[in-house]
1. Looking at the stretch 70-81, I want the residues that are at negative phi and have a partner that is among the hydroxyl-bearing types (S, T, Y) with Cβ atoms under 7 Å, at least 6 apart or on another chain. Which pairs are those?
2. Scanning the stretch 126-155 for residues that are free of Cβ contacts under 8 Å to residues at least 24 places away in the same chain and among the small types (G, A, S), which turns out nearest to A74 (Cα to Cα)?
3. Find all pairs meeting these conditions: Cβ atoms under 7 angstrom apart; at least six residues apart or on different chains; first residue within the stretch 156-172 and surrounded by 12 or more Cβ atoms within 10 Å (Cβ to Cβ); second residue at pLDDT below 85 and among the small types (G, A, S).
4. Identify the single condition in (1) touching a Phe, Trp or Tyr at 6+ places or on another chain (Cβ under 9 Å); (2) at pLDDT 70 or above that S108 does not satisfy, given that it satisfies every other one.
5. Being at pLDDT below 85, among the hydrophobic types (A, V, I, L, M, F, W, C) and under 12 Å from the mean Cα position of the chain (by Cα): is that true of L66 here?
6. Would you be able to tell me the number of residues in the stretch 41-59 that are open to solvent by 100 Å² or more (accessible area, probe 1.4 Å) and among the polar types (S, T, N, Q)?
7. Kindly establish whether R4 is charged (D, E, K, R) and at pLDDT below 90.
8. Somewhere in the stretch 84-100, is a residue assigned to a loop (DSSP other than H, G, I, E, B), at pLDDT below 80, closer than 30 Å to A163 by Cα and acidic (D, E)?
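The values are calculated or read from the model by the stated rules, or taken from the named source; none is laboratory data. Worth saying up front: this structure is predicted, and the values here are computed from it rather than measured. Cβ sites come from the backbone with ideal geometry, for glycine too, and all protein chains shown count toward neighbours. We work out accessible area using only protein heavy atoms, side chains counted, and drop any ligands, DNA or RNA first. Shrake-Rupley method; radii C 1.70, N 1.55, O 1.52, S 1.80 Å.
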Amino acid sequence: MIKRAQQGDSEAYATLFGQYEAELYRAAYVYMGNAEDALDVVQETAYRSYKSIRSLKEPRYFKTWLVRIAIRCATDAYRKRRREAAWMPSYAETLVARDETDIPLAISLQSLLELLDETERQVVVLRYYYDLTIREAAEAMEVPLGTAKTLLYRALAKLQRRAGEEGQDAYR
C-alpha cells in the first residue's frame, strides 16, 4: 500500500494515514495541551507527509517516518504558540467548570511536560504516548540510542523530583 501511495494513489495514502491518525492526535494533544492545536498538528502532519511520501526510502519505517514529521509539526506549532501568547493558569477554574474529568489531568500533564526541555519532552511523548521503544524513539529523533536513553531518564528524574516537591504521588 505504501508503494501505491508513493506512486500518487491518494486513497492508499488516506488509508495508511488513517491507521495512525488517532495515535498522532493523542500524542499531539499531550504535546500541545488542547484539542484545537492538536488537530492542527495532525492536519499539518497529514499535509507534509502526503507531500513528501515519495522521499520515504524504507516502507517498513512508515510509522517512524510519520512520527518524525508529527514531532516537527508539533514543535513548530508549540514554538509559534509560545511566541504568540502564554497560557494563563488562572483560566483553570473556567476550564474545570466545563469538564471536570479530563481538563485537570490535561492541565497537570501539560504543566509537567513544560518542565522539560524540547528534546526531553519529545522522548517522553514518543516513549509513552506513541508507545515506541527507546530505539525507535532515538531513530525518530535522529539521535544515538545512548542519547535517547539519557534524555528519557533525565526527563523522568525531573518529573519525579517535581512530583516529590509538590507531594503528589499521582504523577509517579
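1. If the second residue must be among the hydroxyl-bearing types (S, T, Y), the pairs left are A70/T45; C73/T45; A74/Y31; Y78/Y31.
2. Filtering first and then ranking leaves A137.
3. Y171/A163
4. Status for S108: all satisfied but (2).
5. No.
6. Count: 1.
7. For R4, the condition - charged (D, E, K, R) and at pLDDT below 90 - is met.
8. yes
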